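Student: Have a look at this one before I ask anything.
The values are calculated or read from the model by the stated rules, or taken from the named source; none is laboratory data. Everything numeric in this text was worked out from a predicted model, so none of it was measured. Here the Cβ positions follow ideal geometry from the backbone for every residue, glycine too, while neighbour counts run over all protein chains shown.
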Amino acid sequence: MQDDAIVFSFSGGIADSHELNFYEAARFQYAAAKLIYKIEHFRQKGIVLDRISKKIEADIRVSAAKEGSWELSVILEKIPNIAQCTLKVPLTSLFSYIMNKLKPPSKGKELAMELAQIELSRERERTLQSSEETKRLQIMADILGAKEATAQQALEVIAGYSLPQVNHLKPNAIETEFEKDYIQQELLAEIEFEKTSEPIKSVLSSISDEQLVQLSDLFRKHSQELALPLRGSANSLSISLGQSDQKVCVFDRQSLENLGEVNIDKTPTYIEGIVRAYDKDTGWGKFRNEVQFIKPIAFQVPMSIKKKKLAIISEALRSERIGASFYFVRDASNQPIRLILEDIVSVDLPK
C-alpha cells in the first residue's frame, strides 16, 4: 500500500461531470484539511487538538483534480516518519482507521442476516438447487450460526440477488439500484480496509477509549462540512490511499453527517459485573458483564464526581462482583459503545 496520499472522490450528480458547487467544495476542503492536520498531530504527539494554534510539522499538498467524477488528492509531501511518532503507523492508515471506526455500521450486514433468516426458513420447500444457490445457502447458514455477518459474507449474499428479488423477500428493503450499489461498494471498502489494516491492527488497537472519544468529538465537529457536497453536488464520497484505486471507506450523506454521532440514554441502567481496570487520573475504566457485552466495555466517571467516587471505585476493583448504575452511550445504530457511571450501588455481590 502506498502511504503518500489520501484521495477523496465524489460520485453522482454534477460530480460525474467533474464539477462541485463552489461553496460546498470549499467548505469540504477546509474541514478535510483541519482533520488531516489534527490527525497527523495526534499521530506525532498522541494529543488530540481542539484547534490548530501552532505550526504542525507536516508538508501536505493537493494536486489538480483528475478526470473521472470529482477527485481531490491530498499529497503527504513531507511528514515525520513512523519512528519519530508516538503512534507507529502511517498517517493514511490512521486516517482510514478512525473514519471506519466512527462510521455507522453498514446496512448490508443487517440485511444479509435478515435475508438469511428468510431464505433458510424456505429451504425445506425446495427440491433441486444450483451449485451457486447451495453455496449461498451455506454462507447464510454460517451467518446465522455466528449470529452476525462478515463484510465478505454480506457482499456475497446481497450480490447474489437483483433489486426485485431482494424486495420480494423483504419488501422495501432497498429502494433504488443506486442504494443497492452503494451498499455493495460500502462492503467492498470494508473488506479492503480490513485487509490493508491487518498488519498494523495491534498498534491501532492501542488507541485508548478516552482518545477515541476525543477523536469522535473532533470528527463530529467537522462532519456537517464534510457532507456539504452530498447535499446537492454528489451522492457519495469514497476514500482511497496512495496510488491504489481500491476504496477503504465509502459514505453517503447520512452516514457522513452521522460520523462519530452518539446518543446518551436519558435514564441510567442498573447492571452487575466486574470492574476490571480504572485509571484515577483520567477517570476511565473497564467494566465486564458477559450477558450484555461480548467483551469488557469502557466506562467514564464524570469529572464532577471523580474525586468523590474514588474510594468506592477502589473498593469495587477489589470486589468479585458489584452493582452499578450507568448511562449507556450508543452509536448511530443504537449499540452501546461505552458507559458513564452514575453510581456504584453495591459491592461484594455473590457471583
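Student: Among the residues that make up the stretch 141-150, is at least one of them buried (at least 20 other Cβ atoms within 10 Å of the Cβ), among the hydrophobic types (A, V, I, L, M, F, W, C) and either touching a Pro at 6+ places or on another chain (Cβ under 6 Å) or not in a helix (DSSP H, G or I) (or both)?
Tutor: Restricting attention to the stretch 141-150, the residues satisfying the condition of being buried (at least 20 other Cβ atoms within 10 Å of the Cβ) are 143, 149.
If we keep only those that are among the hydrophobic types (A, V, I, L, M, F, W, C) too, we end up with 143, 149.
Subsequent filtering for residues that are either touching a Pro at 6+ places or on another chain (Cβ under 6 Å) or not in a helix (DSSP H, G or I) (or both) retains 149.
Scanning the stretch 141-150, I find at least one residue that is buried (at least 20 other Cβ atoms within 10 Å of the Cβ), among the hydrophobic types (A, V, I, L, M, F, W, C) and either touching a Pro at 6+ places or on another chain (Cβ under 6 Å) or not in a helix (DSSP H, G or I) (or both), so the answer is yes.
Student: Okay, moving on. Any chance you could count how many residues in the stretch 296-333 are in contact with a Lys or Arg (Cβ under 8 Å, 6 or more places away or on another chain) and either loosely packed, with under 12 Cβ neighbours inside 10 Å or in a loop (DSSP other than H, G, I, E, B) (or both)?
Tutor: Qualifying residue count, the stretch 296-333: 4.
Student: What single numbered condition from (1) modelled with pLDDT of 90 or more; (2) surrounded by 15 or more Cβ atoms within 10 Å (Cβ to Cβ); (3) closer than 21 Å to residue 256 by Cβ fails to hold for residue 156?
Tutor: Failed condition: (3).
Student: Any residue in the stretch 235-248 that is at pLDDT 90 or above, β-branched (Val, Ile, Thr) and in contact with a Leu (Cβ under 8 Å, 6 or more places away or on another chain)?
Tutor: Yes.
Student: Working only within the stretch 253-274, note down all residues that are part of a strand (DSSP E or B), surrounded by 14 or more Cβ atoms within 10 Å (Cβ to Cβ) and not β-branched (Val, Ile, Thr).
Tutor: Let us first name the residues in the stretch 253-274 that are part of a strand (DSSP E or B), namely 263-264, 269-274.
Still in the list and also surrounded by 14 or more Cβ atoms within 10 Å (Cβ to Cβ): 269, 271-274.
Matches in the stretch 253-274: 272, 273.
Student: OK, next. Which one of these does residue 231 not meet: (1) modelled with pLDDT under 90; (2) basic (Lys, Arg); (3) closer than 17 Å to residue 330 by Cβ?
Tutor: It fails just one condition, (3).
Student: Please state which one of 294, 312 is of a type in the set (Val, Ile, Thr) and either within 17 Å of residue 270 (Cβ to Cβ) or modelled with pLDDT of 90 or more (or both). Break it down into steps so the answer makes sense when it comes.
Tutor: On the way: 294 fails: either within 17 Å of residue 270 (Cβ to Cβ) or modelled with pLDDT of 90 or more (or both).
Result: 312 is the single residue among 294, 312 that is of a type in the set (Val, Ile, Thr) and either within 17 Å of residue 270 (Cβ to Cβ) or modelled with pLDDT of 90 or more (or both).
Student: Just name the residue that is surrounded by the fewest Cβ atoms within 10 Å (Cβ to Cβ) out of those in the stretch 159-187 that are in a helix (DSSP H, G or I) and in contact (Cβ under 8 Å) with a residue 60 or more places away in the chain.
Tutor: So the residue we want is 178.
Student: In a helix (DSSP H, G or I) and under 20 Å from the mean Cα position of the chain (by Cα): is that true of residue 101 in this structure? Quick ask: steps written out before the conclusion?
Tutor: Numbers: in a helix (DSSP H, G or I): yes; under 20 Å from the mean Cα position of the chain (by Cα): yes.
Against the criterion (in a helix (DSSP H, G or I) and under 20 Å from the mean Cα position of the chain (by Cα)), residue 101 qualifies.
Student: Just need a number here: residues in the stretch 255-281 that are touching a residue at least 60 places away in the same chain (Cβ under 8 Å) and either within 24 Å of the chain's Cα centre (by Cα) or on the phi > 0 side of the Ramachandran plot (or both).
Tutor: Residues meeting the conditions: 9.
Student: While we're looking at this one, here's another question. Pairs, please: C-beta under 9 Å, at least 6 apart or cross-chain, first residue without any contact (Cβ under 8 Å) to a residue 24 or more places away in the chain and within 21 Å of residue 188 (Cβ to Cβ) and in the stretch 136-154, second outside any helix (DSSP H, G or I) and of a type in the set (A, V, I, L, M)?
Tutor: Short answer, once both residue conditions are applied: 139/149; 142/149.
Student: Now for a separate question. Quick one: which of 34, 109 is basic (Lys, Arg), crowded, with 19+ Cβ neighbours inside 10 Å and within 30 Å of residue 330 (Cβ to Cβ)?
Tutor: Details: 34 fails: crowded, with 19+ Cβ neighbours inside 10 Å.
Going through 34, 109 in turn, just one is basic (Lys, Arg), crowded, with 19+ Cβ neighbours inside 10 Å and within 30 Å of residue 330 (Cβ to Cβ): 109.
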